[in-house]
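The values are calculated or read from the model by the stated rules, or taken from the named source; none is laboratory data. Just so you know, these numbers come straight off a predicted model, no measurement behind them. Here Cβ is always computed from backbone atoms with ideal geometry, including for glycine, and neighbour counts include all displayed protein chains.
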2 protein chains.
Amino acid sequence: MALTREQLTDAAVGVLSEFGLADLSMRRLARELDVQVGALYWHVKSKQELLVDVAAKLLGSVPEPALPAPEMAPMAIGALLQQLRSALITIPDSAEVIQLAQTMRPEALAPLGWLLSFLEHAGIPAEQAFYARHLLLNHLLGSIAAHQEARALVGEPEAQEHAQESGQEAFEYGVRVILLGLSLEHPKNAV
Amino acid sequence: MALTREQLTDAAVGVLSEFGLADLSMRRLARELDVQVGALYWHVKSKQELLVDVAAKLLGSVPEPALPAPEMAPMAIGALLQQLRSALITIPDSAEVIQLAQTMRPEALAPLGWLLSFLEHAGIPAEQAFYARHLLLNHLLGSIAAHQEARALVGEPEAQEHAQESGQEAFEYGVRVILLGLSLEHPKNAV
DNA sequence: ACCTGAACACCGTTCAAGT
DNA sequence: ACCTGAACACCGTTCAAGT
């Protein structure tokens, strides 16, 4: 029966997970799905649009957290970031894919909307909450990318383990520093 | 006379500045320099290697600041970050190019070395100074990329002006938050 | 509605052979 | 030492035509 957009997205997630973004080409997906390349363009308008779907699917496993009490917002933010990291860290080049999706169609990434609402809920004014989310997101995606490059660059198994731990450590350090900074920048509030 | 590696790098910087990374192909550079594509590969080993040279040249205009007194380190860090931003903000896709160079050959980007030494000079232990630099760098490059996408996405001239100001504002906000956070995370020291 | 076949206009990299 | 010519193995996107 006919190919669906969902199947196409799943195939794309599969190739990304196994081989990375460099191998994720429309032609390769067509081969994998036993159709001609042109067929894919009946289901999606462009490769970029497909990548937005992929990004949404990658974040689809992150459960929506309950809106916390304002004084609990920082902890909730930390927990959400950790969830996002867990969902992305094993997928090669996931940071790049999320980045692209977030600039192309921010509404498609619901968990990043929750992040913004938590920041506002903590008492940060709207515009600055926007900046603060950017800060947290750049850190999250940057530290995921750095961690994956570190794994790719070294071959020694023992160095791999160290990269594993220090990636998590660097991530947590950054989250701590940013949340501390936010609490000083907005002293009247909880964050 | 013969093509030089320097000329090749300059041509690459030129295409990047005028047309962006998507148009910066080896074949285009060959056309621009009136040689066959293969000729370029006598001067550089790969396109990636060329991009490292491009990144180094982009940061080449940033002057080396004097090592500040420890209690002046935060200001010096802020000033250096502003210099880096100024050097990159007008060059399309510069964040991506710097990112690539920094993971491929970090020693090639001297100003990022100065940043690390300033952080250590402020009394942050070596490993955490590494994390802290990552944090600052992700923010710098992330806010440059966001600013350039904002410019690209909107056509209205008045929205352009707003993007101009708010890009700078978002950048300064982030630097402030991170430096504040660092000062709390490392209380015995100046930062 | 959904797909094929084929084309268009590109890529990065390699390498024998020329000067 | 430096470059040409030509090939290899790819890309994303479009679109008339088929079923």
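Number of residues in the stretch B:116-130 that are more than 13 Å from every other protein chain (Cβ to nearest Cβ) and not in a helix (DSSP H, G or I) equals 2. Listed by first and then second residue, the pairs with beta-carbon distance under 9 Å, at least 6 apart or on different chains, first residue in the stretch B:35-47 and without any contact (Cβ under 8 Å) to a residue 40 or more places away in the chain and within 14 Å of chain A (Cβ to nearest Cβ), second more than 6 Å from DNA strand D (Cβ to nearest atom) and assigned to a loop (DSSP other than H, G, I, E, B), are B:Lys47/B:Leu24; B:Lys47/B:Ser25.
Does A:Pro187 satisfy the condition of being surrounded by fewer than 15 Cβ atoms within 10 Å (Cβ to Cβ), at pLDDT 75 or above and more than 9 Å from every other protein chain (Cβ to nearest Cβ)? Against the criterion (surrounded by fewer than 15 Cβ atoms within 10 Å (Cβ to Cβ), at pLDDT 75 or above and more than 9 Å from every other protein chain (Cβ to nearest Cβ)), A:Pro187 qualifies.
Looking across the stretch A:1-24 at every residue that is more than 17 Å from A:Lys57 (Cβ to Cβ), more than 14 Å from chain B (Cβ to nearest Cβ) and out of contact with any helix residue (DSSP H, G or I) (no Cβ under 8 Å at 6 or more places or on another chain), the one that is nearest to DNA strand C (Cβ to nearest atom) is identified as A:Ala2.
Within this structure, A:Pro74 passes the test of being farther than 17 Å from A:Thr9 by Cβ and surrounded by 18 or more Cβ atoms within 10 Å (Cβ to Cβ).
Within the stretch A:8-43, take every residue that is within 8 Å of DNA strand D (Cβ to nearest atom) and in a loop (DSSP other than H, G, I, E, B) and give me the one that is farthest from A:Thr90 (Cα to Cα). Only one residue fits best here, namely A:Gln36.
Quick grid of which residues meet (1) within 13 Å of another protein chain (Cβ to nearest Cβ); (2) under 21 Å from A:Leu140 (Cα atoms); (3) part of a helix (DSSP H, G or I); (4) at pLDDT 95 or above:
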site: B:Ala101; (1), (2), (3), (4): yes, yes, yes, yes
site: B:Trp114; (1), (2), (3), (4): no, no, yes, yes
site: B:Leu140; (1), (2), (3), (4): yes, yes, yes, yes
site: B:Ala146; (1), (2), (3), (4): yes, yes, yes, no
site: B:Phe171; (1), (2), (3), (4): yes, yes, yes, yes
site: B:Val177; (1), (2), (3), (4): yes, yes, yes, yes
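Restricting attention to the stretch B:55-62, does a residue exist that is among the β-branched types (Val, Ile, Thr), part of a loop (DSSP other than H, G, I, E, B) and touching a residue at least 24 places away in the same chain (Cβ under 8 Å)? Yes, some residue in the stretch B:55-62 is among the β-branched types (Val, Ile, Thr), part of a loop (DSSP other than H, G, I, E, B) and touching a residue at least 24 places away in the same chain (Cβ under 8 Å). Take A:Arg28 and tell me if it is more than 26 Å from A:Gly174 (Cβ to Cβ), at pLDDT 95 or above and loosely packed, with under 15 Cβ neighbours inside 10 Å. The answer is no for A:Arg28.
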